1. Among what's in the range 51-65 and is polar (S, T, N, Q) and without any contact (Cβ under 8 Å) to a residue 60 or more places away in the chain, pick the residue that is surrounded by the fewest Cβ atoms within 10 Å (Cβ to Cβ).
2. Name the single residue, out of those in the range 263-272 being surrounded by fewer than 24 Cβ atoms within 10 Å (Cβ to Cβ) and within 14 Å of the chain's Cα centre (by Cα), that is nearest to C337 (Cα to Cα).
3. Please verify whether S184 is of a type outside the set (D, E), over 24 Å from L292 (Cβ atoms) and open to solvent by 10 Å² or more (accessible area, probe 1.4 Å), treating the condition exactly as stated.
4. Could you list, in sequence order, all residues of the range 245-264 that are hydrophobic (A, V, I, L, M, F, W, C) and either over 18 Å from K124 (Cα atoms) or out of contact with any Phe, Trp or Tyr (no Cβ under 8 Å at 6 or more places or on another chain) (or both)?
5. Could you please give the count of residues in the range 66-96 that are among the aliphatic types (A, V, I, L, M) and either without any contact (Cβ under 8 Å) to a residue 40 or more places away in the chain or open to solvent by 20 Å² or more (accessible area, probe 1.4 Å) (or both)?
6. Identify, please: which residue in the range 413-448 is within 13 Å of A384 (Cβ to Cβ) and open to solvent by 90 Å² or more (accessible area, probe 1.4 Å) and is, among those, modelled with the highest pLDDT?
7. Among all residue pairs at least 6 apart or on different chains, which show Cβ distances below 8 Å where the first residue, located in the range 130-141, is under 13 Å from G229 (Cβ atoms) and the second is polar (S, T, N, Q)?
Amino acid sequence: MSNNILGGEMPDRYIYPEPLIEEIISKNDIVDTVSRYVKIDRKGKDYFGICPFHKEKTPSFSVVPAKQIYYCFGCNKGGNVINFVKDIENLDYSEAVRLLAERANILIPEKNSYVDEAVLKKEKRTYEMNSLSARFFFENMKSQKNQHAREYLAKRKMKSETITSFGIGYALKEWSALTEYLRSKGFSDDEIVESGLGSVSKHGVIDKFRNRIMFPIIDIRNRVIGFGGRALDEADVKYMNSPETCVYKKNKSLFAMNFAKNSKENFVIVVEGYIDCISLHQAGFTNTIASLGTALTDNQAKMIKRVFGQAVIAYDNDAAGQNASLRGLDILANMGCTVKVLILPGQDKFGKPIKDPDDFIKLMGKEEFRNALKNSFMLVEYKAHLLKQTCDLLTSEGQIAFLKGVASAIGQVQSPVERDVYIKNISARFNTSYDALLKEVQNRTRDRSDTDALQMQVPKTEKIAPVLRDRFTEGKLDKLFYAILVLLCNNPSFKDEIEKELLTTNMTHNDFSRDLLLEIIKRYNSMESPDEAKIAAMLDDEQRALFIKEAAEYHTISDATKALSDYITKYRHDIIVNNNVVLSQALELEGLSESEKDNIKEELRRNTALLAKYKINA
């Protein structure tokens, strides 16, 4: 859970003051904003529609204008207008803030604690140059003088609507056509070079891209950040990408994510190049992105995790593609993604070679590709597949090497259930002994466990601390706490009682809850009344969903005063019960001194006496 009270999950570079966030929320009405994306109808005071975040037939998605929040009773997503735009557009928090600020014509401050004014101006000018250049290249592609460029795309079986959709263009063969065009639009030679669109030669500044098919690289906010160029002259370097600039960072960019983020699929297909990606989109696989010719980076994996959570890697068939697949598998798995690898067949039924996904689609069709997706290998299965290619399973040496290699891969899996599934599947698929593979994995996991145990030996007095720090992790305590906050939002007169019962007695279930309540009380004391939308802005995704669920159900409460009394009583009771459970577990730890045991028993006695006050069955 985030401990950032005043800003949600924002990158360090952007630290937005609360008044700015409140202005953005107030000037972007939740009903108007949601209506851009979802058809909602008024029913009483609120609006309802089909939820855009999960599949449903009966509308369970609600918008509450009075509170400026949304909530889905089906999937439990909810929040304020910033949270909605963040989720619907698959943006991070700062990107959603900036998008809504632009819509409301609110200037994000450019000085002091935000970012350097010169940096922002440079970024803005670079975006403008990239946009103009993309239009310039696209118009070149349409010109009758450049028929050879269109013929190349026709040979690659690209439809005209696909060319338009992706903004595919053509960089002229001339030395400085784009440079002269950008100069005419008021850009300096230094700006053109720094943006990666020009190069310095002995004759002055010339175009970086010449006689190339141009693919605009567009970020998740639909801004052109760079270009990839495919040479039409075979004597030139085949592919050339924009260099890194103030707006284009290769390790953070994914080609076609601006399209893929809107896909209804819950997984993404990751390919290497532009042509592969565009070919799959044209075939209907709009959940495809390209890693711009390199193995995945941590930053790219984070974006995939945020937008999809599941991925299928479909890299080229060569050794470089296999190595890149392995690296991508490990990076995505470490980020918590469910990840698979699609293995391309070596050739089609007529013997024509298949080198990449583009060949697959053209030679075998989209249904065969869909079947291949279904049969993709999980991480360990793919490693076993690669091992099989290097081990001769007809020999004893090959079988031993294969089993040990696979056991090593399975041994890295934390879940015993997953390990067992892998052992069964791989032993069946590769015709190896289940029992032998199981024993080898057990030996490796036992060795790892012994090592971990040695590393975890700490002084006796430190053993209890981690347990006690985790004592208040029950979801039901979060639910009760947020129910109390919702009552406070709707009944500001409850402030003093809540402060007395929870803060004065130090009766909150974790540090975050205490700090959040302190901040809210502080605002009430300064004559400010935080509403649900403002509080939602202080929470991370998981906590916000719990809070908004309670806010959406507030209308069911008939007696707020009684509800407050009941909630506080139940909340304090459950904190003590939860504390007792953990203290009892702590008593079972080995190596405790008699003094430590006596202290735990004394706290248990005090807690038990307090419980009698509440008269609630545990």
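The values are calculated or read from the model by the stated rules, or taken from the named source; none is laboratory data. Note that the structure is a prediction, hence the values are computed from the model and not measured. No Cβ is skipped: glycine too gets one built from the backbone with ideal geometry, and neighbour counts run over all protein chains shown. Heads up: the accessible areas ignore ligands, DNA and RNA and are worked out on the full protein's heavy atoms, side chains in. Shrake-Rupley method; radii C 1.70, N 1.55, O 1.52, S 1.80 Å.
1. Initial filter on the range 51-65 (polar (S, T, N, Q)): 58, 60, 62.
Add one more test, that the residue is without any contact (Cβ under 8 Å) to a residue 60 or more places away in the chain, and what stays is 58, 60.
Working: T58: 8, S60: 16.
Result: T58.
2. Among them, the one singled out is F267.
3. Details: of a type outside the set (D, E): yes; over 24 Å from L292 (Cβ atoms): yes; open to solvent by 10 Å² or more (accessible area, probe 1.4 Å): yes.
Judged against the criteria, S184 is a match.
4. Taking the range 245-264 as the starting set, the residues that turn out to be hydrophobic (A, V, I, L, M, F, W, C) are 246-247, 254-257, 259-260.
Hits for the range 245-264 are C246, L254, F255, A256, M257, F259, A260.
5. To start, the set of residues in the range 66-96 that are among the aliphatic types (A, V, I, L, M) comprises 66, 69, 81-82, 85, 88, 91, 96.
Subset that is either without any contact (Cβ under 8 Å) to a residue 40 or more places away in the chain or open to solvent by 20 Å² or more (accessible area, probe 1.4 Å) (or both): 66, 88, 96.
Residues in the range 66-96 being among the aliphatic types (A, V, I, L, M) and either without any contact (Cβ under 8 Å) to a residue 40 or more places away in the chain or open to solvent by 20 Å² or more (accessible area, probe 1.4 Å) (or both): 3 in total.
6. Ranking the qualifying residues of the range 413-448, first place goes to K424.
7. Qualifying pairs under 8 Å: N140/N146.
Each row is one residue, and each column tells you yes or no for (1) touching a residue at least 60 places away in the same chain (Cβ under 8 Å); (2) open to solvent by 50 Å² or more (accessible area, probe 1.4 Å).
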| residue | (1), (2) |
| --- | --- |
| A536 | yes, no |
| D540 | yes, no |
| Y554 | yes, no |
| D559 | no, yes |
| A563 | yes, no |
| D574 | yes, no |
| V582 | yes, no |
| L587 | no, no |
